[in-house]
Structures are given as structure tokens and as C-alpha cells.
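Report on the following structure.
Just so you know, all these numbers are worked out from the coordinates, no wet-lab data involved. Note that the coordinates shown come from a computational prediction; the quantities given were computed from them, not determined experimentally. Here the Cβ positions follow ideal geometry from the backbone for every residue, glycine too, while neighbour counts run over all protein chains shown.
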Amino acid sequence: MNRLLKAPALMTEGEIVFHDRDGHDVDIVGLDGEGLRAFRWDKISMVFQGAMNSLNPVISVKAQIFDIFDTHRPGMSRKAKTARAEELLSLVGVDPNRLTSFPHELSGGMRQRMMIAMALALDPQVMIMDEPTTALDVVVQRGIIREIMRLREKLGFAVIFITHDLPMLIEISDRIAVMLQGRIVEEGTAEEIYRTPQHEYTKRLLSSFPSLTGERGDFVRTGVSQEGVR
């Protein structure tokens, strides 16, 4: 969707149509050059897996947020950029004084919040989140998820959440698509996926997580290491 595939990877078929909030449909596959550059981050942003690997370790948080404005809003004043950067950190629950910090000076949860703040910088309509809570402890994970849901309701953007954690998706999602070997094998509302799963792989995913109630039984995790749930 973000057209980030590098050669030799390429799209061999299909189309991607983005329904812009201004009423126009955008053919993402047909975008190139400045058109693609203007589309990214402005319409669709992304939070990559592993915040520490996504942030530049030798550049301050402020400089990395400013880089977004320098690229996409070149006429923006330094004062306006600073005000927007402080607003973004406040939105995600981080003290604006942390703007001068470097990534290694932040906790894992704070780094992930910084990535979310950067993804929100240009008020996108869709945010893609690839395993955004990987390597975080469960308490921090819950806080990040709550923050994402709060921001979604407050700012009105859509979230495409990529994860193996199907129980969490059932709790937070409107619709779920289950993928196997790169193809969608089942799609439905969270309620439908939970109550009446149709595909065998979906059933295996659901059964791979132990229940908090009921009798003790054997726990076998099957088939979830290489595929994904979206």
C-alpha cells in the first residue's frame, strides 16, 4: 500500500484504490515520483515493527520529527514546527521536554509512542501498524493499545493493525482478515471471526491461545510463527 517494495520485489497483479476523504479515489499503483512522495505520510503513514530500529540513534527526536515537516511542509516556520512537535508528543502522552532526547535515552514504550507521534505528524487518514507492541512487556503493550484507540477516536483516522495476536484483535478491531501464505483466507467482523470461524487456519489460531476459564488441558501452539493476522 505504501509502495515500499524494493527491487527485485514487484506487484504482478491487482490494484490499490484509496478513497480519499475529499471524495476522490486515488490509484496508488499508478502513482510515481512526486505524486507518490506527496501521498506517503500525508494520506497513509506507518509505524514499523521495532521502534529502536526505526528511529535514527544519533539524531534527536526533535530533528527526526522536523525532517517530516522539512520534506512534506517545506514552507513551515521553525516556530510552527516546534509547536506541532510539542503538540504531537502531548497527544501520545510524552512530556514535550523529551523532544531534545535521543532514542537511547527513552524506554521502549516511549520510543513506540514517538513513532506513533511521527506517524500522526501530517494528520493522515490511515495508519498502518506492523506489530507495534513487539518486545514490550504486557503492561506497556496495553498502554500503547489504549493510546492508539484513544487517538483513533479523537482524530478520526483508520488503523490497519498487523499482528499474530488474534485475541487482542478481536477486542479492538471492527473487521479482521486472516492471512495464510500471503493470501486472505477469511474475513469478517471481530464477532464473526470469534464466534463462527470458517477456515481451519482461523480455528487453529483461536485454539492456540489458552483460555482463562474452564478445565486445564493440553496447550499446543500451531501454525502461527510464519503467517500473520491482519
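Structure notes:
- The stretch 115-153, residues that are free of Cβ contacts under 8 Å to residues at least 60 places away in the same chain and of a type in the set (D, E, K, R): ASP123, ASP137, ARG142, ARG146, GLU147, ARG150, ARG152, GLU153
Let's see how each residue does on (1) within 26 Å of GLN141 (Cα to Cα); (2) surrounded by fewer than 18 Cβ atoms within 10 Å (Cβ to Cβ); (3) among the β-branched types (Val, Ile, Thr):
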position	(1), (2), (3)
ASN56	yes, yes, no
ASP67	no, yes, no
THR71	no, yes, yes
SER77	no, yes, no
SER90	yes, yes, no
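- Every test in (1) farther than 30 Å from HIS72 by Cα; (2) surrounded by 19 or more Cβ atoms within 10 Å (Cβ to Cβ) is passed by LEU99 save one, and that test is (1).
- Test: residue in the stretch 11-24 that is loosely packed, with under 10 Cβ neighbours inside 10 Å, part of a loop (DSSP other than H, G, I, E, B) and hydroxyl-bearing (Ser, Thr, Tyr): yes
- In the stretch 198-216, of all residues being over 29 Å from GLY143 (Cβ atoms) and in contact with a Gly (Cβ under 9 Å, 6 or more places away or on another chain), the one that is surrounded by the fewest Cβ atoms within 10 Å (Cβ to Cβ) corresponds to GLN198.
- Tally of residues being closer than 16 Å to SER45 by Cβ, under 22 Å from the mean Cα position of the chain (by Cα) and part of a loop (DSSP other than H, G, I, E, B) across the stretch 65-110: 1
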